[in-house]
1. Looking at VAL198, is it modelled with pLDDT of 85 or more, open to solvent by less than 80 Å² (accessible area, probe 1.4 Å), in contact with a Leu (Cβ under 9 Å, 6 or more places away or on another chain) and farther than 30 Å from ALA339 by Cα?
2. Does ALA100 count as hydrophobic (A, V, I, L, M, F, W, C), outside any loop (DSSP other than H, G, I, E, B), more than 19 Å from the chain's Cα centre (by Cα) and closer than 24 Å to TRP228 by Cβ?
3. Contact list please: Cβ distance under 8 Å, first residue in the stretch 434-449 and within 15 Å of ILE218 (Cα to Cα), second residue assigned to a strand (DSSP E or B), pairs at least six apart or on different chains.
4. I'd like to check something: does the stretch 207-214 contain any residue that is open to solvent by 20 Å² or more (accessible area, probe 1.4 Å) and closer than 30 Å to PHE320 by Cα?
5. Tell me, yes or no, whether the stretch 25-33 has at least one residue that is in contact (Cβ under 8 Å) with a residue 12 or more places away in the chain and surrounded by 24 or more Cβ atoms within 10 Å (Cβ to Cβ).
6. I need a count of the residues in the stretch 133-150 that are in a helix (DSSP H, G or I) and open to solvent by 60 Å² or more (accessible area, probe 1.4 Å).
7. Do we find a residue being within 18 Å of ALA92 (Cα to Cα) and touching a residue at least 24 places away in the same chain (Cβ under 8 Å) anywhere in the stretch 202-220?
8. Kindly indicate whether any position in the stretch 246-264 is in contact (Cβ under 8 Å) with a residue 60 or more places away in the chain and in a loop (DSSP other than H, G, I, E, B).
Amino acid sequence: MDNLSTAATDDGAIETRGIEPVPDHERRGRVRELFPTWVAANISVLLLTMGAALVVFNKLNFWQVLIVAACAAVASFGMVGLLSVSGKWGGAPGATLSRATFGVRGNLFPGAILWIARFGWETINAVTGAYAVLTVLDLLFGVKSNTALIVVTLVGFVACTFLVSGMGRKALSVCNTWSTYLFGVFSVLVLGYLVATVHWSEVFSKPAGTTAMMIAGIGTIAAGGISWVPTGPDFTRYLPHATSGRKIAGVTVSGAALVMVPMVLMGGVMAVASPGLAEASDPVAFLGDLLPTWLAVPYLLTAIVGMMLINSLSMYSAGFTAQTMGVKLPRATAVSINAVISLIGGLMLMLVAKSFLGSFITFLILLAVSFSAWIGVYAVDMWRRRSRAVRYDAAALMDTGRSSRYWYVGGFCWQAMVSWVVALLLGLAFTKCDWFAGPFSGTPIGEYGLAWAATIVISGVIMAVLPAPRENAPAAPEEASAVTAERVTV
């Protein structure tokens with residue numbers, strides 16, 4: 001039994017609720033609150049670097065970069081929006097709802113993979129944020145980067161991220177809203193500056209790249225969005241049951257696309273003026289070379305806030321994952337585990353790694369495959385639950401013992417586990433990156449960078465053709481009351 005109190009509420013400034021489902025009387029969220037959340041989740045100058053990589057490495061032209069960015073936003077955050085609907089069904093984080101899919105014990109295995117992958121994502125964002133701070137210090141005060149300064153800036157960035165994420169949903173919502181406005185204003189200024197100064201004849205004269213490189217580019221850009229799919233329900237669990245699923249999906253995609261598309265496109269345009277930015281060891285410093293100081297500094301400051309919020313959202317959800325895996329700590333305390341790991345990983349990446357972009361692209365490719373195996377299984381399970389009167393049993397989600405409705409066989413849903421394991425292994429077999437190439441990576445799936453898409457299809461198809469899982473009989477009313485009482489008192 002999870003010893004987390006259901007008495008926790010979300011009425012204060014600091015959220016104390018853990019992974020337990022949100023009761024109906026606390027479901028006061030609004031769909032429009034998701035818009036700044038997904039805008040903020042994409043405020044990262046890494047999108048500029050990735051857009052530049054589409055031009056420099058994939059050899060795409062302006063129109064192809066635009067198509068790639070739009071397709072990546074719709075594909076990745078379309079999945080985020082669709083699977084986020086389960087959050088309003090069950091009122092719980094995605095990591096907790098996943099117990100109903102994989103079983104209360106089986107869920108620990110994909111949960112561990114997702115938790116580890118999130119460490120990497122938080123590390124990448126922390127490093128980018130630290131580099132942005134170093135660039136601002138250089139532009140304003142002429143302070144050059146050194147080992148001691150790298151350590152100080154990274155520690156400061158991670159510490160601020162931890163404080164914001166520990167405050168919970170309300171604090172994140174307020175910060176997301178204001179950062180959206182600020183970043184939007186300065187992005188328009190940067191766009192205007194580029195329109196006035198870029199040699200557009202050079203931009204539009206670039207020859208078109210191949211279709212294969214476009215498809216591969218979609219997968220690379222979409223990987224960041226795919227990593228948000230399992231945590232999407234975390235931000236919809238406070239929505240009332242009657243909330244429109246279509247609106248959830250629409251707001252999610254539009255919020256993400258509003259940032260992703262123009263930033264990736266801006267990165268592609270910047271690459272024409274400075275082709276070396278896609279290969280730079282520092283993914284941020286190029287902004288100081290391409291933009292005047294009066295514009296680069298405020299733009300970077302808003303970007304720093306944005307990247308801090310991205311990591312805060314990630315750590316917020318990672319706390320739920322840790323609790324679901326049995327870490328007996330309050331959510332805010334569980335978040336500290338991620339903060340420490342991202343700090344250690346960030347120092348390794350900034351002080352030891354030779355190529356930031358190479359490490360980042362490799363990470364994105366592996367990240368997409370690891371999350372995709374979960375997505376296919378979870379999506380099929382959601383589809384089967386859509387017509388049920390009670391889609392998720394709140395008491396059973398919190399019951400990790402044999403009495404749980406989601407105990408299945410020995411705590412495992414064997415259909416989900418088989419689908420997940422097979423898809424993950426085959427997905428890796430199709431994967432090709434800098435330091436790893438699976439045995440099937442030479443096939444069109446591998447060459448086109450479609451291992452992530454193949455993984456989703458494989459896991460979903462296997463889950464769909466296997467016999468539908470049979471949940472255990474729900475506990476009798478007196479047993480359910482005892483379960484609830486135990487959860488409240490522990």
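1. Working: modelled with pLDDT of 85 or more: yes; open to solvent by less than 80 Å² (accessible area, probe 1.4 Å): yes; in contact with a Leu (Cβ under 9 Å, 6 or more places away or on another chain): no; farther than 30 Å from ALA339 by Cα: yes.
When the stated conditions are applied, VAL198 does not pass them.
2. Details: hydrophobic (A, V, I, L, M, F, W, C): yes; outside any loop (DSSP other than H, G, I, E, B): yes; more than 19 Å from the chain's Cα centre (by Cα): yes; closer than 24 Å to TRP228 by Cβ: yes.
Yes.
3. Correct list of pairs: GLY446/LYS432; GLY446/ALA437; GLU447/LYS432; GLY449/LYS432.
4. Checked the stretch 207-214: no residue is open to solvent by 20 Å² or more (accessible area, probe 1.4 Å) and closer than 30 Å to PHE320 by Cα.
5. At the first step, the residues of the stretch 25-33 found to be in contact (Cβ under 8 Å) with a residue 12 or more places away in the chain are 26-33.
Restricting the remaining residues to those that are surrounded by 24 or more Cβ atoms within 10 Å (Cβ to Cβ) gives none.
Looking through the stretch 25-33, none of the residues is in contact (Cβ under 8 Å) with a residue 12 or more places away in the chain and surrounded by 24 or more Cβ atoms within 10 Å (Cβ to Cβ).
6. So the first thing to find is which residues in the stretch 133-150 are in a helix (DSSP H, G or I), and the list is 133-141, 147-150.
Next cut, open to solvent by 60 Å² or more (accessible area, probe 1.4 Å) only: 140-141, 147-148.
Of the residues in that region, 4 qualify.
7. Here is the first cut: in the stretch 202-220, the residues within 18 Å of ALA92 (Cα to Cα) are none.
No: the stretch 202-220 contains no residue that is within 18 Å of ALA92 (Cα to Cα) and touching a residue at least 24 places away in the same chain (Cβ under 8 Å).
8. Our first condition is that a residue be in contact (Cβ under 8 Å) with a residue 60 or more places away in the chain; within the stretch 246-264, this holds for 247-264.
Checking which are in a loop (DSSP other than H, G, I, E, B) leaves us with none.
No, that holds for no residue.
The values are calculated or read from the model by the stated rules, or taken from the named source; none is laboratory data. A quick note: this is a predicted structure, and the numbers were derived from the prediction, not measured. With ideal geometry, Cβ positions are generated from the backbone for all residues, glycine too; neighbour counts draw on all protein chains shown. In case anyone asks, the SASA skips ligands and DNA or RNA and just uses the protein heavy atoms, side chains included. Shrake-Rupley method; radii C 1.70, N 1.55, O 1.52, S 1.80 Å.
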